[in-house]
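What follows draws every value from the coordinates through simple rules; no lab data is involved. Note that the structure is predicted; figures quoted are calculated from it, not measured. Cβ coordinates were reconstructed from backbone atoms using ideal geometry, including for glycine residues, and neighbour counts include every protein chain displayed.
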Amino acid sequence: MNERLTLSELHEAIKDILYGNFQDKYWIVAEISQLSENKGGHCYLELIEKNKQGKTIAKTRATIWSFSYQQLKYHFSMMVNENLKAGMKVLILASVEFHEVYGFSLNITDLDPTYTLGDQEKRRQEIINQLEEEGIFNMNKELELPIVPQKIAVISSASAAGYGDFMNQLNSNSYGYVFYTKLFQANMQGDSAENSITEALDEIANYIDFFDAVVLIRGGGSKEELSCFDSYLIASYIAQFPLPVLTGIGHERDESIADLVAHKKLKTPTAVAEFLIEQLAQFNAKLETTFLQIKANFDTIISSEKSNLQSANARLQPLLKNLIASQKTRLKFNAENIKVLMNKVFAQEKFNLSKVENQISVLSKNYYLSQNLSLKQSKDQIFKLINLKLKIENEKIIFSTEKIKKLSLISMQKENTKLKSYSKILEIINPEQVIKRGYALLLKNGKIISSSKNVATGDKKNKVSNFKIRNLAFFIISVAISCAMLFYLYSFNNSK
């Protein structure tokens, strides 16, 4: 049976074995999976190794103590232009350490930056080869940039100085050209940059018919900050994008893979703006050159045609003179012929007019006789019609007169009857007749007494004389006759 050991005793035995067999320092190739620095300046790492399938086949802890780390960190970043970080392959010089409590680890005393540079370049070349094998490396370069690119989709950070430089250069151009830009904001460094930039490209693809080109811009930075532009995902997006992509990423050195697959790589955001302005300036210059060429061609054509016209004019003048002379002779001959013909025509027409005049004279006499007879007959007929009409109208007048007489007699008889009736009524109401029947007209103080209430015992009664009564009766009769006559006249007029 084996002797029992405590855990510390086992660790002590392992430590003795390790230190006895691994006394030297070793150059070790590994990938950093985790890295952290503490307040004391020490660096703690986790190192791994992966197989071709990407599976981790080895893992260990490592430490760089502060007195070595500051010097190694500075030297590494100067050589590689990046700080140590997770995902980076490194070649380290380390010694084996084993602690009873913390276990196995490596103590790193040196780093070889050239190995990391070689590995990065190797990975970069692998991405380029993959893009070429897929046949997409030059796709964006083969797109045709519009002659006048004015509608620009911009991928950048709104707060980045590079974006501000780009917009200022574009909008303050000396030519006064107008550009239409739309910012699609994205993170331009860090772990989120890859997804952020590809999402911005996806969003631009929704408005592909509106834009002429895409601009990917970022100001300067360290190689570590710009490492996202060596991403296969970003490079493949740019290479296959259906619009020309212009990059202005402001590298300190080298080109990113994004630059290599883009339609046009420019050094800085300002350089991209200058390129766009120059495109418009070149187009404007071509227009002006074309205009001048067209003008020169027209001037040449006009000059040539003017010369041809002058030459033709010189040739035509003698011909026109001969033609005019010939036409004058011909006109003179035609004038003589026309004169002879006109005399013949006048003689013939004079003879014809004489014949027509005689015919008109005969016809006029016949027509006069015919019309005279017709007028006489018409006159007799008119007189007969007038007499007949007068006779008819006369009979109507006689008839109307007789009718009026009859109506007048009837009306007068009616009115006479009415008058007789009115006379009888007046005779009945005559005051004298009333008084004769025992009535008297009594007065008091010159006023007629119409009621017994108006008198009292002892009042003196005045009797109206017959003369006054007669006068009053005559006045009443006169008024009644006048009313009867007015009524008669009114009725007579209405009967008419």
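So what J values fall out for the stretch 164-174 if you push phi through Karplus, 6.51 cos²θ - 1.76 cosθ + 1.60 with θ = phi - 60°, rounded to Hz, Gly and Pro as x?
My calculation for the stretch 164-174 gives x, 4, 4, 5, 5, 5, 5, 7, 10, 5, 5 Hz in order.
With θ set to phi - 60°, apply the Karplus curve 6.51 cos²θ - 1.76 cosθ + 1.60 along the stretch 346-355 and write out the HN-Hα couplings as whole Hz, x wherever there is a Gly or Pro.
For the stretch 346-355, the Karplus-derived couplings read 4, 4, 5, 5, 5, 5, 5, 5, 4, 4 Hz, x marking Gly and Pro.
Can you list the aspartates and glutamates whose alpha carbon is less than 14 Å from that of LYS52, not counting same-chain residues fewer than 8 positions off?
Leaving aside aspartates and glutamates fewer than 8 places away in the same chain, those within reach of LYS52 are GLU31.
In debye to the nearest 20, how big a dipole does the stretch 7-128 give about its Cα centre with +1 on each Lys and Arg Cβ and -1 on each Asp and Glu Cβ? Working shown, then result.
Working: 14 positive and 16 negative charges, 110 e Å.
Here the stretch 7-128 has a charge dipole of around 520 debye.
Pairs to check: LYS376/LYS403; LYS182/LYS265; LYS295/LYS321; LYS50/LYS264. Give those whose C-alpha atoms are more than 29 Å from each other in this structure.
Beyond 29 Å between Cα atoms: LYS376/LYS403; LYS295/LYS321; LYS50/LYS264.
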